[in-house]
Amino acid sequence: MKKTLLWMAALGFALAACGGSGAGPSAAGPEREGSAWTEVASPHFTLRTDLDAKTAQDVSSQLETIFSSLLELGFDSALGPATEMRTHIDLVYFRNGDEYRRVAPKLSVGEFRRELHDFERTPLALFYGDFVQRTREIVQHELTHFFVHAHYPQAPIWLDEGLAEYFSTLELTDGSAVLGRPPKMLRFWKGPWHSENVDGEIRTSIPMSEAIPVGTLLGMDVQAFEGMSNADPNTAAGQKASQAMATNYASAWNLVHVLMVDPNYRRRFDKYRRRLLEGDASDISWEETMDDVPLPALEKAYEASLVRFETTIQRTQYAPPRTPAPRVRALSDADVHVMWARLRNWETPEGRAAAEADMKEAAAREPLHPDLAALRAYWSTRQDDLENAAKALEPALAARPNDARLLNALGWVQVRRIAKKELPPSALDPVVAKLTPIASTAAEFDLLAHGRAVHGDMNAALTYEKRATTADPSCYACFFYGSILLDAKGRVREALQAASLAVHMLPDGAQVPNEMLTQMALYRRRLSETTGNAPSAPRPPTR
């Protein structure tokens, strides 16, 4: 049983390897790029940027306003009470697009990652440019992804991207909020493909005939929707990929817009999203809330929305709450090198070489840097060098013995070593004892669940896993480990339900690991032996 309870630690690192970033081997830091970096910490964001400090603080304030507005207008007021999640997002904001493209897909202008090279599994967002209206739209698009992942991570790709496009154009003016404006950068029209530069922005008009039919859009998986997102836009293949992506995004916006504003569908669509909020599967929720609407009728309404002289918008009175003053500090050279090392693509030789160079530069400047210690431990863990992973944390922990992030990092290294029988289960006890009173993140509560489970205390482990999924409702690893714990208590049906939800929460593009499939097959077999009827297998995840 203990071996089964510990293999999830290895699974987390296998999944993390699926979410590599963009390429870019060149190292960067203030001493080489000539730009000082600033960190602005606010209630929901840690913003790191090479913009000037005053601009950085202004951006931070706007980010908090956007965060509150999106949560209340898009995911709170309409769909029930506020979640108790402890939301925090790392955000790297580049002044220059060339810097951004070193670590992000070439065709993107902003990116959101569920987690990246981090024991804490902190969400990460990347952007670049001046904080003008277009940048605000990108930020709102990416933050909407965060709320979708947190509230209903099993959402299909058309809903995820359609809602992101819909809420990207949110405007707050004169005590009111305006929702539903079409994106300026993409639109359908009756002419051929056409792009034009308007005040430095490329606006694309797409032939109506290219719009994705509703039935096709509803069945799209993430690979089909995003296509070749990292293709070179200067090649014929890249231009074709860009057109395909533009068509998919514009189609998703139009479908969500119809569902949000058309009185024939709005109430049903709200019920569908409520079902997702309760954790139900997307396809079943759609069938039970929208199935009485014939697809041809929805297709007709969708086609009518593609080109219209006026677009229905929603306006409501709204005043965002005031936000507390942020904490501002200048980043050291070591801080910047650690940041870049984390952003590199560790899946390519060039990216790994650049990350190693950055970590070496950071260590030369600040040997006991806590974030460097955690990152080096993660690096060694990815290579299954667990002994060196633990050693990488020792000096920093000696200097900061009650640092929750460092304790969490050491704990996950020890969990893997216990699973490999390099250490006894009791080796985790000192970390658990120190972390218990100060844990606050999903990853930390998840670790505490492992710490209780290795001693057979499944009730306490489930309690901590519940706290983990409350802190981060999109923590797929937490839900799946919860399924292991439920199975250990004989609650097999609940275990299968938790595991099925975890599968729906996997990061974009990630294959379902064999370990997950094996465990779910085990649950189904046990249920079949108990009831005599094999439960139906969960449908493949759409994301």
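The values are calculated or read from the model by the stated rules, or taken from the named source; none is laboratory data. Not measured: the values here are computed from a predicted model. Cβ sites come from the backbone with ideal geometry, for glycine too, and all protein chains shown count toward neighbours.
Note down all Cβ pairs under 8 Å where the first residue falls in segment 395-417 and is within 10 Å of Leu435 (Cα to Cα), the second is surrounded by fewer than 19 Cβ atoms within 10 Å (Cβ to Cβ) and hydroxyl-bearing (Ser, Thr, Tyr), and they're at least six residues apart or on different chains. Sorted first by the residue in segment 395-417, then by its partner, the pairs are Ala404/Ser440. If only residues of segment 308-363 that are touching a Gly at 6+ places or on another chain (Cβ under 6 Å) and closer than 12 Å to Leu375 by Cβ are counted, the one that is modelled with the highest pLDDT is His337. Of the numbered criteria (1) basic (Lys, Arg); (2) surrounded by 15 or more Cβ atoms within 10 Å (Cβ to Cβ); (3) over 16 Å from Ala164 (Cβ atoms), the one Lys271 fails is (2). Restricted to segment 386-490, the set of helices (runs of 4 or more DSSP H) holding at least 1 residues that are closer than 20 Å to Leu116 by Cα and in the same structural domain as Gln511 (by TED's automatic domain parsing) comprises 386-399, 404-419, 442-453, 458-471, 476-488. Applying the set (1) modelled with pLDDT of 50 or more; (2) outside any helix (DSSP H, G or I); (3) surrounded by 20 or more Cβ atoms within 10 Å (Cβ to Cβ) to Ser35 leaves exactly one unmet item: (3). Residues satisfying the criterion are absent from segment 421-436 (criterion: touching a His at 6+ places or on another chain (Cβ under 6 Å) and in contact (Cβ under 8 Å) with a residue 12 or more places away in the chain). Evaluating Val214 against the criteria (1) under 20 Å from Gly74 (Cα atoms); (2) in contact (Cβ under 8 Å) with a residue 40 or more places away in the chain; (3) crowded, with 21+ Cβ neighbours inside 10 Å; (4) not small (Gly, Ala, Ser) leaves one unmet condition, (1). Consider segment 119-147 and keep the residues that are in a helix (DSSP H, G or I) and in contact (Cβ under 8 Å) with a residue 60 or more places away in the chain. The one that is farthest from Ala56 (Cα to Cα) is Phe147.
Checked against the criterion of being modelled with pLDDT under 85, surrounded by 18 or more Cβ atoms within 10 Å (Cβ to Cβ), outside any loop (DSSP other than H, G, I, E, B) and not aromatic (Phe, Trp, Tyr), the candidates Glu115, Glu111 yield just one match: Glu111. Among the residues here, Ala164 qualifies as of a type in the set (A, V, I, L, M, F, W, C), within 26 Å of Pro473 (Cα to Cα) and either at pLDDT 90 or above or not in a helix (DSSP H, G or I) (or both).
Just one of the numbered conditions (1) small (Gly, Ala, Ser); (2) out of contact with any Ser or Thr (no Cβ under 9 Å at 6 or more places or on another chain); (3) part of a loop (DSSP other than H, G, I, E, B) is not true of Ala374: (3).
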